[in-house]
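Engineer: Sharing a structure here in structure tokens format.
The values are calculated or read from the model by the stated rules, or taken from the named source; none is laboratory data. Please read these numbers as outputs of a predicted model, since none were measured by experiment. Here the Cβ is made from the backbone with ideal geometry for all residues, glycine too, and neighbour counts use every protein chain on show. The protein model used for the area step is the full one, side chains on, heavy atoms only, and it has no ligands, DNA or RNA in it. Shrake-Rupley method; radii C 1.70, N 1.55, O 1.52, S 1.80 Å.
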Amino acid sequence: MRLTLRIWRQATAEAQGKLVEYRLDDVSEDQSFLEMLDLLNQHLIDRGEEPVTFDHDCREGICGTCGLVINGIAHGPKAAITTCQLHMRVFKDGDTITVEPWRSKAFPIIKDLMVDRGAFDRIIAAGGYISVNTGAAADANAIPVAKEEADRSMDAAACIGCGACVAACPNSSAMLFTSAKLAHLNSLPQGQAERRDRSILMIEQMDREGFGGCTNYGECEAVCPKEISMDFIAAMNRDLLASQLSNKGKR
Ligand code: SF4
Ligand code: FES
């Protein structure tokens, strides 16, 4: 395949960025999108030019590290997959493909296509855990969990923290991510002791990081590689209200 790539190049966080055009004429349709970028980088290195910086790790759709806006869509044109799972057969010979980083003030660009998603880590650190006494592992059946709650928790736990929801949202809202992380723990008996504080602390941290609020565009759900449902956002709002009214909360 022959492709024209328009790639966001930005030398440092403070530098002015711009789209730079590259031509590739040896792309295989069996390559993944990241392998295509590897190929471009090999050509750039061979020519003595600076390779394109981009995030990746597992390349199996598990870790949430990769994330590119491809032709204006977070994670590209195929639904329910990450950038690393996208294959070049989705594109046509002769296509022009524009590749940009996540764009959100809360995810500052580090270099080229790489952004700092530390804001997500700080939201998790604010309350995305349970406190338990250490010692021998409890018997797996010691705390019965209803099937419906276990399924709901597992659905929420599928969030890999990639940040596509933020990149796609016109408000740069992180509510899909935060609501999934809350629902993961708040749905289980083990998560109840800290539920009220957790809900308030994580939502407060989300606001402090500069993410916008949800106004129901639905772009987050549309691009989420793990098909996290916006129903979790509604549940988060109910949890916040209940937590604020509860004397166990911080407010
Ligand atoms: S909710 Fe979906 S899009 Fe957002 S961080 Fe989690 S997996 Fe990524
Ligand atoms: S590199 Fe891990 S999900 Fe894409």
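Engineer: Which helices (runs of 4 or more DSSP H) does segment 149-251 wholly contain that include 2 or more residues that are more than 25 Å from Gly72 (Cα to Cα) and either open to solvent by 20 Å² or more (accessible area, probe 1.4 Å) or within 16 Å of ligand 2 (Cβ to nearest atom) (or both)?
Structural biologist: Values: elements: 164-168, 175-186, 195-208, 219-223, 231-245.
Those helices (runs of 4 or more DSSP H) span 175-186, 195-208, 231-245.
Engineer: Here's another thing I want to ask about it. Exactly one of these conditions fails for Phe33: (1) in contact with a Leu (Cβ under 7 Å, 6 or more places away or on another chain); (2) open to solvent by 40 Å² or more (accessible area, probe 1.4 Å). Give me its number.
Structural biologist: So Phe33 meets the others, but not (2).
Engineer: Would you call Cys165 under 21 Å from the mean Cα position of the chain (by Cα), touching a residue at least 12 places away in the same chain (Cβ under 8 Å) and within 9 Å of ligand 1 (Cβ to nearest atom)? Write out each step before concluding.
Structural biologist: On the way: under 21 Å from the mean Cα position of the chain (by Cα): yes; touching a residue at least 12 places away in the same chain (Cβ under 8 Å): yes; within 9 Å of ligand 1 (Cβ to nearest atom): yes.
Yes; evaluated as a whole, the condition is true for this residue.
Engineer: I would also like to ask the following. Listed residues Glu148, Glu204, Glu209, Glu221; which is near ligand 1 (Cβ under 10 Å from one of its atoms) and either among the acidic types (Asp, Glu) or on the phi > 0 side of the Ramachandran plot (or both)?
Structural biologist: Values: Glu148 fails: near ligand 1 (Cβ under 10 Å from one of its atoms); Glu204 fails: near ligand 1 (Cβ under 10 Å from one of its atoms); Glu209 fails: near ligand 1 (Cβ under 10 Å from one of its atoms).
The unique qualifying residue is Glu221.
Engineer: Which residues, counting only those in segment 71-123, are among the aromatic types (Phe, Trp, Tyr) and either under 19 Å from Met206 (Cβ atoms) or not in a loop (DSSP other than H, G, I, E, B) (or both)?
Structural biologist: Trp102, Phe107, Phe120
Engineer: Return the pairs, sorted by first residue and then second, in which the second residue is open to solvent by 40 Å² or more (accessible area, probe 1.4 Å) and in a loop (DSSP other than H, G, I, E, B), the first residue lies in segment 49-65 and is away from ligand 1 (no atom under 13 Å from the Cβ), the beta carbons are less than 6 Å apart, and the residues are 6+ apart or on different chains.
Structural biologist: Asp57/Cys63
Engineer: Return yes or no: is Ala126 small (Gly, Ala, Ser), touching a residue at least 60 places away in the same chain (Cβ under 8 Å), within 14 Å of ligand 1 (Cβ to nearest atom) and surrounded by 12 or more Cβ atoms within 10 Å (Cβ to Cβ)? Show your work before the answer.
Structural biologist: Values: small (Gly, Ala, Ser): yes; touching a residue at least 60 places away in the same chain (Cβ under 8 Å): yes; within 14 Å of ligand 1 (Cβ to nearest atom): no; surrounded by 12 or more Cβ atoms within 10 Å (Cβ to Cβ): yes.
No; evaluated as a whole, the condition is false for this residue.
Engineer: Here is a follow-up. With respect to Gly64, determine if the residue is at pLDDT 95 or above, under 30 Å from Gln192 (Cα atoms), away from ligand 2 (no atom under 16 Å from the Cβ) and surrounded by 19 or more Cβ atoms within 10 Å (Cβ to Cβ). Reasoning before the result, please.
Structural biologist: Values: at pLDDT 95 or above: yes; under 30 Å from Gln192 (Cα atoms): yes; away from ligand 2 (no atom under 16 Å from the Cβ): no; surrounded by 19 or more Cβ atoms within 10 Å (Cβ to Cβ): yes.
No; evaluated as a whole, the condition is false for this residue.
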